[in-house]
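The values are calculated or read from the model by the stated rules, or taken from the named source; none is laboratory data. Just so it is clear, the structure is predicted and the values come from calculations on it, not from any experiment. Glycine gets a Cβ as well: all are built from the backbone with ideal geometry, and neighbour counts include every protein chain shown.
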Amino acid sequence: MTGSIDIDGARLLRRLDDFAAIGATPAGGVNRQALSVEDRQARALLADLAMKRGFRLYQDSLANLFIRRDGTRDDLPPFLIGSHLDSQPTGGRFDGALGTLAAFEVLETLEDYAIVTDRPVEVVAWTNEEGSRFTPGVMGSMAFARGHILDEWREIQDAEGTSLRDALAETLAALPQAETRALGTPVSGYLELHIEQAPTLEREGIPIGIVTGVQGTRWLEIRVTGQAAHAGTTPLAHRRDPLLATTTALGALYASIMPEDPEARFTVGRLSVEPGSVNAIPGALSLTIDLRHPDAERLARIEALTIAHFQSASDMNGCMLETHRPFDVPPTIFSESIVRQSEQAAHRLGLPFRHMISGAFHDALYISRVAPAAMIFVPCRDGLSHNEAEHVEPAHSIAGARMLFETLRGIVCDESAGET
């Protein structure tokens with residue numbers, strides 16, 4: 001670090017252990033799904049730590065949790081750092097939690113050294129980033145960017161029949177010490193630390209990824225309708241087989257999209273055959289396809305190619321094709337100024353880094369629509385995430401927190417006011 005100022009790495013590692021105990025699974029992961037009892041326990045622990053340090057606590061109507069340390073100009077919008085605390089049902093202990101707890105460590109370090117900032121700094125724990133219990137994911141940051149909660153979200157239910165409305169009310173009531181804040185309060189910027197969730201940094205032996213953007217994503221829902229018929233008596237010339245049409249299209253797409261473009265991602269996530277009988281030709285087939293690419297024009301061409309292959313295969317096999325695009329997020333480019341501050345911080349710390357495009361969604365994606373935003377990645381063992389075996393080396397957790405702190409200092413410290 002510059003001078004004698006440093007984060008407390010041992011304190012950060014202890015906090016990671018403490019929070020990993022909330023919702024701990026026998027295999028070493030966590031089950032701390034959004035707005036659950038375990039999620040509320042993690043929020044309560046973070047709130048208690050914050051209040052013991054004299055920080056102010058806020059919640060908005062979607063239970064996004066904010067911890068505020070004032071600056072010299074409290075009339076200026078705060079700069080946000082943070083991530084999320086919720087997990088997958090069999091999630092890892094670092095996804096989201098590392099970014100949130102490293103951000104809190106940064107806030108404590110500012111307080112430890114009485115460092116003056118020119119504006120407030122706030123740690124945020126976004127609600128329901130994972131989307132495992134209530135769909136969609138990144139719900140908290142999405143609502144924050146829009147400034148309101150979508151009406152249809154309130155009646156969304158989890159697998160047990162609990163509505164988002166009720167789970168949200170219980171979560172908000174569980175932190176009466178937090179002041180209420182309007183959803184979408186202005187912010188001056190946002191920086192998020194996260195595990196990479198891919199093997200690139202570990203494979204290349206680089207401790208820091210400076211994330212310059214998020215690739216675009218389109219989801220397709222495809223239905224191919226043919227004609228159900230007897231498996232034993234229907235000859236090929238009389239078959240209208242939607243599964244044959246689908247496998248023909250998928251064979252061509254799997255052989256071309258990703259092999260020809262290393263930046264492209266093509267994934268079939270769900271596939272359902274009707275009626276699903278062992279001795280019947282299917283009458284219909286439904287599937288979902290996840291398409292991703294960092295270039296918007298290329299992503300559009302991949303979508304067009306996908307639909308064209310399905311249309312051709314459907315026509316060839318006497319089937320009807322229906323397509324629907326339920327989700328479309330264009331590629332996002334992060335703030336050049338925050339990326340530049342991150343580069344300068346890495347140089348000051350002597351940490352090797354590489355620029356990266358995120359292949360996964362993160363809260364920074366939506367916050368970048370209302371304020372300058374960027375991300376920092378640290379390596380994750382084997383790139384394994386959303387898994388109880390998820391692991392980040394202690395040294396990498398600490399390096400990520402140091403990067404977060406040093407980048408923030410470059411953005412919000414009022415050097416003319418000095419440090420004590």
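Can you find a residue that is touching a strand residue (DSSP E or B) at 6+ places or on another chain (Cβ under 8 Å) and among the charged types (D, E, K, R) anywhere in the stretch 330-344? Yes, because at least one residue in the stretch 330-344 is touching a strand residue (DSSP E or B) at 6+ places or on another chain (Cβ under 8 Å) and among the charged types (D, E, K, R). The residues on offer are 100, 127, and the sole one that is free of Cβ contacts under 8 Å to residues at least 60 places away in the same chain, closer than 16 Å to residue 47 by Cβ, crowded, with 24+ Cβ neighbours inside 10 Å and assigned by TED's automatic domain parsing to the domain that holds residue 65 is 100. In contact with a Leu (Cβ under 7 Å, 6 or more places away or on another chain) and closer than 30 Å to residue 358 by Cβ - does that describe any residue in the stretch 294-302? Checked the stretch 294-302: at least one residue is in contact with a Leu (Cβ under 7 Å, 6 or more places away or on another chain) and closer than 30 Å to residue 358 by Cβ.
Go through 208, 195 for me and flag whichever is closer than 25 Å to residue 65 by Cβ and touching a residue at least 12 places away in the same chain (Cβ under 8 Å). Please lay out each step first, then the result.
Numbers: 208 fails: closer than 25 Å to residue 65 by Cβ.
On inspection, the qualifying residue turns out to be 195.
Answer yes or no as to whether residue 89 is under 20 Å from residue 370 (Cα atoms) and in the same structural domain as residue 386 (by TED's automatic domain parsing). No.
Mind telling me which of the residues 221, 196 ends up being under 25 Å from residue 85 (Cα atoms), out of contact with any helix residue (DSSP H, G or I) (no Cβ under 6 Å at 6 or more places or on another chain) and either at pLDDT below 95 or of a type in the set (Asp, Glu) (or both)?
Numbers: 221 fails: under 25 Å from residue 85 (Cα atoms).
Just one listed residue meets the conditions, 196.
Out of 253, 285, 271, 220, I need the residue that is aliphatic (A, V, I, L, M), in a strand (DSSP E or B) and touching a His at 6+ places or on another chain (Cβ under 8 Å). Which one?
Values: 253 fails: in a strand (DSSP E or B); 285 fails: touching a His at 6+ places or on another chain (Cβ under 8 Å); 271 fails: touching a His at 6+ places or on another chain (Cβ under 8 Å).
Checking each option against the conditions leaves just 220.
Do we find that residue 39 is over 21 Å from residue 137 (Cα atoms) and either touching a residue at least 12 places away in the same chain (Cβ under 8 Å) or assigned by TED's automatic domain parsing to the domain that holds residue 177 (or both) in this structure? Give the steps one after another, and end with the answer.
Numbers: over 21 Å from residue 137 (Cα atoms): no; either touching a residue at least 12 places away in the same chain (Cβ under 8 Å) or assigned by TED's automatic domain parsing to the domain that holds residue 177 (or both): yes.
The answer is no for residue 39.
Just one of the listed residues (131, 184) is assigned to a loop (DSSP other than H, G, I, E, B) and touching a Phe, Trp or Tyr at 6+ places or on another chain (Cβ under 6 Å), namely 184.
May I ask you to verify whether residue 127 is under 15 Å from the mean Cα position of the chain (by Cα) and of a type in the set (Val, Ile, Thr)? If you could, list the steps in order and put the result at the bottom.
Working: under 15 Å from the mean Cα position of the chain (by Cα): yes; of a type in the set (Val, Ile, Thr): yes.
When the stated conditions are applied, residue 127 passes them.
For every residue, the table says whether it meets (1) under 18 Å from residue 172 (Cα atoms); (2) crowded, with 16+ Cβ neighbours inside 10 Å; (3) assigned by TED's automatic domain parsing to the domain that holds residue 393.
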{"position": "21", "(1), (2), (3)": "no, no, yes"}
{"position": "24", "(1), (2), (3)": "no, yes, yes"}
{"position": "29", "(1), (2), (3)": "no, yes, yes"}
{"position": "33", "(1), (2), (3)": "yes, yes, yes"}
{"position": "54", "(1), (2), (3)": "no, no, yes"}
{"position": "58", "(1), (2), (3)": "yes, yes, yes"}
{"position": "67", "(1), (2), (3)": "yes, yes, yes"}
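Quick check on the stretch 361-384: of everything there that is surrounded by fewer than 23 Cβ atoms within 10 Å (Cβ to Cβ) and not hydrophobic (A, V, I, L, M, F, W, C), which residue is nearest to residue 265 (Cα to Cα)? Ranking the candidates gives 383 first.
Report whether or not residue 205 is surrounded by fewer than 16 Cβ atoms within 10 Å (Cβ to Cβ) and more than 25 Å from the chain's Cα centre (by Cα). Spell out the reasoning first.
On the way: surrounded by fewer than 16 Cβ atoms within 10 Å (Cβ to Cβ): yes; more than 25 Å from the chain's Cα centre (by Cα): no.
It is false that residue 205 is surrounded by fewer than 16 Cβ atoms within 10 Å (Cβ to Cβ) and more than 25 Å from the chain's Cα centre (by Cα).
Contact annotation: residue pairs with Cβ atoms under 8 Å, 6 or more positions apart or on different chains, pairing a residue in the stretch 217-242 that is without any contact (Cβ under 8 Å) to a residue 12 or more places away in the chain with a partner that is of a type in the set (Gly, Ala, Ser) and part of a strand (DSSP E or B), are 238/229.
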